[in-house]
Amino acid sequence: EFMSIHWIGLTKRKMLELETSFNKEDDGSTDDIAPLWCSSTASVVKDEDKNRKKSSLDDMLEEPELHLYEIHTLASKYLKRNKIIESQKLFTTIFECQRKIYGEHHEAIGAALHNLGLASLKSFDHIQALAYFERAVRIRKGSLGKDHPGVAVSQIKVGITLLLMHNFDLALKAFHDALSIRKRALGALHPYNARIYNNIGCVHIELSELRDARRAFEAALDIQRNALCDNPGNGPLMYSASTTLCNLGYLYRYQKMHEMVAVVLEEALGLQQRVLNPTHPAILETIDNLANAFLWSGKYSLAI
């Protein structure tokens with residue numbers, strides 16, 4: 001769910017990390033997919049549904065309200081495999097069924113809209129994605145409470161969508177709103193907050209507000225280092241911290257602080273080497289950038 005700035009030489013490249021093996025949302029599922037909401041009665045149907053074997057998806061869609069769990073599982077798989085049209089159709093079916101069961105303002109509707117937003121975001125339909133996410137935020141606030149972590153999840157997606165639409169001021173506001181919710185719900189030092197600070201820093205880069213960007217990246221790194229003190233072997237934390245360090249490296253490079261670039265990239269490389277394969281593209285890119293940093297700072301022997 002967070003932006004990372006990667007760079008090689010003098011070229012800046014930005015990458016939106018919607019799905020990685022390390023960065024996963026509160027429910028632990030890929031792409032921040034909201035789990036299917038089920039009442040205590042519906043959960044019985046879900047368990048029966050898991051044991052009922054149907055011959056095809058068409059059979060399940062004849063009575064979708066009895067097969068929501070299977071349909072949601074299949075829609076999630078489609079989304080992860082970039083079968084966007086198929087996932088959209090199934091998530092729409094879930095939305096329509098949930099609306100018939102629970103009405104327009106239930107938390108189940110907020111979750112369904114969030115998932116439709118994810119599918120639209122992956123299909124690059126940013127206007128539709130924004131509409132889904134904003135509606136999901138409103139419904140989740142009303143049904144779950146304004147400080148529920150689920151509200152922050154959808155609010156972050158509002159920010160990411162606005163950022164992709166180059167609406168930087170509104171994206172920044174959305175990220176700050178999500179950060180406020182996360183702080184109240186999870187505490188100021190929760191590792192998830194670091195990921196939002198990274199997003200905020202990337203927006204400030206877009207706005208050429210370098211001092212604010214540095215402040216945001218350093219806030220993210222402080223949280224990640226604090227978390228690593230409590231859990232030093234946590235792979236996702238190490239990878240996230242390495243991303244923040246690379247972002248700081250880009251910023252220092254932009255400000256021609258070459259020695260600082262080398263310092264943060266060496267730390268980033270050390271973390272990456274603990275959790276990634278030696279031939280992973282992230283490691284190779286960091287090595288290349290570190291060599292350039294040594295070259296720019298006049299440490300030619302280290303650059304070789």
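Quick one: would you say ASP47 is modelled with pLDDT under 80, open to solvent by 20 Å² or more (accessible area, probe 1.4 Å) and of a type in the set (Asp, Glu)? Here the answer is yes, as ASP47 does meet what is asked.
Residues are listed down the side, and each one gets a yes or a no for (1) of a type in the set (Gly, Ala, Ser); (2) out of contact with any helix residue (DSSP H, G or I) (no Cβ under 7 Å at 6 or more places or on another chain); (3) under 23 Å from SER297 (Cβ atoms):
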position: LEU221; (1), (2), (3): no, no, yes
position: TYR250; (1), (2), (3): no, yes, yes
position: LYS256; (1), (2), (3): no, yes, yes
position: VAL261; (1), (2), (3): no, no, yes
position: LEU265; (1), (2), (3): no, no, yes
position: ALA268; (1), (2), (3): yes, no, yes
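Taken over the stretch 93-102, residues that are without any contact (Cβ under 8 Å) to a residue 60 or more places away in the chain and open to solvent by less than 50 Å² (accessible area, probe 1.4 Å) amount to 4.
If you go through the stretch 220-235 one residue at a time, how many are part of a helix (DSSP H, G or I) and over 24 Å from HIS176 (Cβ atoms)? Qualifying residue count, the stretch 220-235: 4.
When we screen ARG225, ARG195, ARG211 for residues that are among the basic types (Lys, Arg) and free of Cβ contacts under 8 Å to residues at least 12 places away in the same chain, the only hit is ARG211. Put simply, of ALA75, ALA112, ALA119 the only residue that is open to solvent by less than 20 Å² (accessible area, probe 1.4 Å), touching a residue at least 60 places away in the same chain (Cβ under 8 Å) and within 14 Å of ALA34 (Cα to Cα) is ALA112. Residues that are open to solvent by less than 20 Å² (accessible area, probe 1.4 Å) and touching a residue at least 24 places away in the same chain (Cβ under 8 Å) were ranked within the stretch 248-268; the one that is farthest from SER208 (Cα to Cα) is ALA268. Within the stretch 136-154, is there a residue that is closer than 12 Å to GLY110 by Cα, of a type in the set (Lys, Arg) and open to solvent by 50 Å² or more (accessible area, probe 1.4 Å)? Scanning the stretch 136-154 turns up at least one residue that is closer than 12 Å to GLY110 by Cα, of a type in the set (Lys, Arg) and open to solvent by 50 Å² or more (accessible area, probe 1.4 Å). Residues in the stretch 189-208 that are modelled with pLDDT under 95 and either acidic (Asp, Glu) or open to solvent by 30 Å² or more (accessible area, probe 1.4 Å) (or both): LEU189, HIS190, PRO191, TYR192, GLU206, LEU207, SER208.
Number of residues in the stretch 269-304 that are within 26 Å of SER208 (Cβ to Cβ) and either under 28 Å from the mean Cα position of the chain (by Cα) or modelled with pLDDT of 95 or more (or both): the value is 5. Scanning the stretch 273-304 for residues that are open to solvent by less than 60 Å² (accessible area, probe 1.4 Å), out of contact with any Phe, Trp or Tyr (no Cβ under 7 Å at 6 or more places or on another chain), assigned to a helix (DSSP H, G or I) and of a type outside the set (Ser, Thr, Tyr) yields ALA282, ILE283, GLU285, LEU290, ALA291, ASN292, ALA293, PHE294. Put simply, of ARG225, ARG211, ARG182, ARG215 the only residue that is buried (at least 20 other Cβ atoms within 10 Å of the Cβ) and charged (D, E, K, R) is ARG182. Of all residues in the stretch 64-94, which are of a type in the set (Gly, Ala, Ser) and touching a Leu at 6+ places or on another chain (Cβ under 6 Å)? Listed by number, the residues that qualify are ALA75, SER87.
The values are calculated or read from the model by the stated rules, or taken from the named source; none is laboratory data. Everything quoted here is computed from the prediction, not taken from an experiment. So basically every Cβ, Gly included, is an ideal-geometry build from the backbone, and we count neighbours across all protein chains shown. Accessible surface is based on the protein model in full, side chains and every heavy atom, while ligands, DNA and RNA are left aside. Shrake-Rupley method; radii C 1.70, N 1.55, O 1.52, S 1.80 Å.
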